[in-house]
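Okay, so here's the structure we're looking at.
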Amino acid sequence: VKISKSYKLASRDFHPDDTIIDIKGVKIGGENLVIMGGPCAVENPEQIDEIARLVKAAGGQVLRGGAFKPRTGPYSFQGVGVEGLKMMAEAGEKHGLLTITEVMTPEYVDICAEYADILQVGTRNMQNFDLLRKLGTIKTPVLLKRGFSSTYDEFLNAAEYILAGGNPNVMLCERGIRTFETYTRNTLDLTAVPVLQSLSHLPVISDPSHGTGRRELVEPMCKASVAAGANGLIVEMHTDPDNSATGDGVQSLFPDQFANLLKDLEKLAPLV
Ligand code: PEP
Ligand code: MN
């Protein structure tokens, strides 16, 4: 049965080969496994520098960190803003890592793209169509997170907005969806990995940190993601997750856990 889809450029029918996004020699997609690690939020220069050092030493390729944070409540820490972009760019440069950071509004796309190698669209903004349209006008790679209540079709249509605008460099990120289960923060839908890879040619990245919300579940779900065929992982790690982290400490790995995870992953798939 031929299912008619509303998205086209994102579809495997349109583009049979895997999309491989090459960022300064780091290839994302195909057989490669890319590891993005770092804090939920950039806090200060020392914090992001030290975490960058640890991500690099463990074998990661991309430093993650939010300078603009989409917090559920208005009184929670909202991020350090443009200063954070600069801190991250400096740490990435110094330690030889690519950087990824979240952009929340169309107005900030250009400045975020000036400082970061990959722009992240958060789950709460997956259907912020003005933002998606703006991201279509540049060539900076975009990691598009699945809306926590979005279907695969809605997810791929969101990617289509960016592709249709003229930016072919999109990766899809499964970060957990909302279900009846409350033990975990979200339910990491690993079925999304093979489904999205069959429907689409775009790289699929898994985020077990937000997908589970619990540190002890991050390692097994990272391994499960790789076993399911994920093209990469994005993992929160902090040097002091239980005390000083400004957000998502309970789901952030300690540096030694992060390093051990990457050692184990090397056995499952070669890191790019
Ligand atoms: C994050 O990566 O820190 C984040 C806010 O992710 P999400 O949009 O998936 O909640
Ligand atoms: Mn987070």
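The values are calculated or read from the model by the stated rules, or taken from the named source; none is laboratory data. Computed from a prediction, not measured in an experiment: that's the story for all the values here. So basically every Cβ, Gly included, is an ideal-geometry build from the backbone, and we count neighbours across all protein chains shown.
Which condition from (1) surrounded by 11 or more Cβ atoms within 10 Å (Cβ to Cβ); (2) not in a strand (DSSP E or B) is the one that Val34 breaks?
(2)
Within the stretch 10-30, does at least one residue satisfy the condition of being within 16 Å of ligand 2 (Cβ to nearest atom), at pLDDT 95 or above and either not charged (D, E, K, R) or not in a loop (DSSP other than H, G, I, E, B) (or both)?
no
Yes or no, residue by residue, for (1) part of a loop (DSSP other than H, G, I, E, B); (2) at pLDDT 95 or above; (3) crowded, with 24+ Cβ neighbours inside 10 Å; (4) within 12 Å of ligand 1 (Cβ to nearest atom):
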site: Pro194; (1), (2), (3), (4): no, yes, no, no
site: Val226; (1), (2), (3), (4): no, yes, no, no
site: Ala230; (1), (2), (3), (4): yes, yes, yes, no
site: Glu236; (1), (2), (3), (4): no, yes, yes, yes
site: Asn260; (1), (2), (3), (4): no, yes, no, no
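On the basis of being buried (at least 23 other Cβ atoms within 10 Å of the Cβ) and assigned to a helix (DSSP H, G or I), does Ala159 make the cut?
Judged against the criteria, Ala159 is a match.
Search the stretch 195-208 for residues that are free of Cβ contacts under 8 Å to residues at least 40 places away in the same chain and pair each with any residue that is within 16 Å of ligand 1 (Cβ to nearest atom) and of a type in the set (Ser, Thr, Tyr) when their beta-carbon atoms are under 6 Å apart and the residues are at least 6 apart or on different chains.
As it stands, the answer is Ser206/Ser225, since those pairs meet every condition given.
For (1) more than 12 Å from ligand 2 (Cβ to nearest atom); (2) within 26 Å of Ile162 (Cα to Cα); (3) in a loop (DSSP other than H, G, I, E, B); (4) of a type outside the set (A, V, I, L, M, F, W, C), each residue gets a yes or a no:
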residue: Tyr75; (1), (2), (3), (4): yes, no, yes, yes
residue: Ala91; (1), (2), (3), (4): yes, no, no, no
residue: Met104; (1), (2), (3), (4): yes, yes, yes, no
residue: Glu107; (1), (2), (3), (4): yes, yes, no, yes
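What pairs come up if the first residue lies in the stretch 139-167 and is closer than 24 Å to Tyr115 by Cβ, the second is aromatic (Phe, Trp, Tyr), and their beta carbons are under 7 Å apart, counting only those six or more places apart or on different chains?
The qualifying pairs are Tyr161/Phe129.
Can you work out which of the residues in the stretch 238-255 that are in a helix (DSSP H, G or I) and in contact with a Leu (Cβ under 9 Å, 6 or more places away or on another chain) is surrounded by the most Cβ atoms within 10 Å (Cβ to Cβ)?
Gln251
For the stretch 196-224: of the residues being of a type outside the set (A, V, I, L, M, F, W, C), away from ligand 1 (no atom under 16 Å from the Cβ) and not in a strand (DSSP E or B), which is nearest to the chain's Cα centre (by Cα)?
Per the stated criteria, the residue is Pro203.
Those residues that are buried (at least 17 other Cβ atoms within 10 Å of the Cβ) and outside any loop (DSSP other than H, G, I, E, B), I need them from the stretch 37-48; list them, please.
Gly37, Gly38, Ala41, Gln47, Ile48, listed by residue number.
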